[in-house]
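Since the structure comes first, as structure tokens, the remarks are kept for the end.
The values are calculated or read from the model by the stated rules, or taken from the named source; none is laboratory data. Keep in mind that this is a model prediction, so the values were computed, not measured. Backbone-built Cβ (ideal geometry, glycine too); neighbour counts: all protein chains shown. We work out accessible area using only protein heavy atoms, side chains counted, and drop any ligands, DNA or RNA first. Shrake-Rupley method; radii C 1.70, N 1.55, O 1.52, S 1.80 Å.
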Amino acid sequence: MAEIRTIDIKEAVLSENAGLADRLRRRLMESGTFLLDVMSSPGAGKTTLLLETIHRLRERGIRTAVIEGDIESTVDAEKMAAAGVKAVQLRTGGACHLDAAMIEAALHELAPGDYDMIAIENVGNLVCPAEFDTGAHRRTMLLSVPEGHDKALKYPLMFTVVDCLVVSKTDYLPGSDFDLAALRAEARRLNPTLTVFEVSARTGDGMQGWCDWVADGIRGVADARDGALDC
Amino acid sequence: MHELPILRSIVGVALRHAVEAGASRVLAVDVKVGELRGLDAAWIQSYFDFVTEGTPAAGASLRLKESKALFRCRSCGATFPPGPHAGGDVACPHCSSKHVELASGNELLIESIDVV
Ligand SMILES: Nc1nc2c(ncn2[C@@H]2O[C@H](COP(=O)(O)OP(=O)(O)O)[C@@H](O)[C@H]2O)c(=O)[nH]1
Ligand SMILES: [Mg+2]
Ligand SMILES: [Zn+2]
């Protein structure tokens, strides 16, 4: 009988995806394109927020394309096209998340150098996408007021992997029992450096601060590229 | 079903290391899982059984070791569990610094394998 041996490994799960994500991040940095990953439950307002954000950024001279990963239908890609936004529809075949390989495939259909930002509308759920690095420079989650404020406890991993939380549909706040302070406290308990915005894409409330944050990410990538060219 | 790619990754890594070590069978896989991952141990084992079917890891046991959420203070280095922080911000209980980061609790790491 052969002896049982223990082999030390210490390797992160999904390290292959993480490696590809890192390469994508670097490649896009070199072409000066900011990659933003937007995640939420279905209907929390990803498409609406992206359209409104792209529209406002366009006024600042920022060119954006979108990778549509939501599986419901091609409705979102059509909405983007109708608004004059270049969109690539991913066929995820019922997958519950996007991974770096899917983003790499979508990038083949875009000339990254043509865009200052590429936004990913991830598959609508707050569990699975948290596990998979898409190569984004920044990750954002949306939580809409009608969903309730107690979500941090239900989706803890998501709160730890994002850079920013957008509380969306704040026009529903008046008269609701949504406790913004409790959500902020719970979210920052999981992620002390989390940036939080309260936004209504419908009324435009809070859009400015959110758009500034996105523009700051775009500038960060552009500066990093120019810095790299200098040396 | 994001559990499936995760399990495929775990089994892929285990089998690769087993082959490199010249082993013929994998008996156990030890995985460290942060509590914030919210992975269901029972589900994970059945996915594991499914993914390992017909491989040298068939019948192996998947041993999950949960790691608790811990913050580290970037000012003084102390680690501490997330407590009820009524004020909102997480602060170091030793030096009150707000420069804290998550030190553990969200990892998913293949620690080791037992092989013959
Ligand atoms: N009242 C209100 N409704 C919104 C807001 N943003 C989106 N919606 C609505 O919520 C629904 C789902 O939005 P959508 O952007 O498609 O969500 P997605 O599934 O996350 O892409 C649509 O009917 C939107 O009109 C908002 O800020 N306020
Ligand atoms: Mg949508
Ligand atoms: Zn301290």
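Details
- Residue in the stretch A:196-217 that is outside any loop (DSSP other than H, G, I, E, B) and within 16 Å of ligand 2 (Cβ to nearest atom) present: no
- Among the residues of the stretch A:66-79, the one identified as over 21 Å from residue A:134 (Cα atoms) and either away from ligand 1 (no atom under 11 Å from the Cβ) or touching a Leu at 6+ places or on another chain (Cβ under 6 Å) (or both) is A:78.
- Spans of helices (runs of 4 or more DSSP H) in the stretch A:40-139 with at least 3 residues basic (Lys, Arg): A:46-59
- Residue A:87 more than 14 Å from ligand 1 (Cβ to nearest atom), open to solvent by less than 50 Å² (accessible area, probe 1.4 Å) and either within 23 Å of residue A:164 (Cβ to Cβ) or within 14 Å of chain B (Cβ to nearest Cβ) (or both): no
- The residues listed here are A:132, A:178, A:159; of these, the one that is farther than 27 Å from residue A:68 by Cβ and more than 16 Å from ligand 3 (Cβ to nearest atom) is A:178.
- Any hit, the stretch B:57-79, residues being more than 16 Å from ligand 3 (Cβ to nearest atom), open to solvent by 70 Å² or more (accessible area, probe 1.4 Å) and assigned to a loop (DSSP other than H, G, I, E, B): yes
- Among (1) in contact (Cβ under 8 Å) with a residue 40 or more places away in the chain; (2) closer than 27 Å to residue A:63 by Cα - the single one residue A:147 does not satisfy: (2)
- Criterion (more than 16 Å from ligand 2 (Cβ to nearest atom) and either over 26 Å from residue B:37 (Cβ atoms) or within 13 Å of chain B (Cβ to nearest Cβ) (or both)) met by exactly one of A:165, A:153: A:153
- Taken over the stretch A:42-65, the criterion of being within 11 Å of ligand 1 (Cβ to nearest atom) and touching a helix residue (DSSP H, G or I) at 6+ places or on another chain (Cβ under 6 Å) is satisfied by A:47 alone.
- Residue within the stretch A:142-155 that is under 17 Å from residue A:67 (Cβ atoms) and within 16 Å of ligand 1 (Cβ to nearest atom) present: yes
- In the stretch A:2-26, residue farthest from the other protein chains (Cβ to nearest Cβ) [restricted to those that are without any contact (Cβ under 8 Å) to a residue 24 or more places away in the chain, outside any loop (DSSP other than H, G, I, E, B) and open to solvent by 40 Å² or more (accessible area, probe 1.4 Å)]: A:26
- Residue match in the stretch A:203-220 (condition: within 14 Å of another protein chain (Cβ to nearest Cβ), at pLDDT 90 or above and over 30 Å from residue A:113 (Cβ atoms)): no
- Residues in the stretch A:134-157 that are under 11 Å from the mean Cα position of the chain (by Cα) and surrounded by 22 or more Cβ atoms within 10 Å (Cβ to Cβ): A:134, A:135, A:136, A:140, A:141, A:142.
- From the list A:104, A:68, the one residue that fits, being more than 14 Å from ligand 2 (Cβ to nearest atom), surrounded by 15 or more Cβ atoms within 10 Å (Cβ to Cβ), of a type in the set (D, E, K, R) and touching a residue at least 40 places away in the same chain (Cβ under 8 Å), is A:104.
- Any hit, the stretch B:17-39, residues being at pLDDT 95 or above, crowded, with 16+ Cβ neighbours inside 10 Å, assigned to a helix (DSSP H, G or I) and not small (Gly, Ala, Ser): yes
- Looking only at the stretch B:20-38, residues that are without any contact (Cβ under 8 Å) to a residue 40 or more places away in the chain, out of contact with any Phe, Trp or Tyr (no Cβ under 9 Å at 6 or more places or on another chain) and either within 9 Å of chain A (Cβ to nearest Cβ) or within 25 Å of residue A:99 (Cβ to Cβ) (or both) come to 1 in all.
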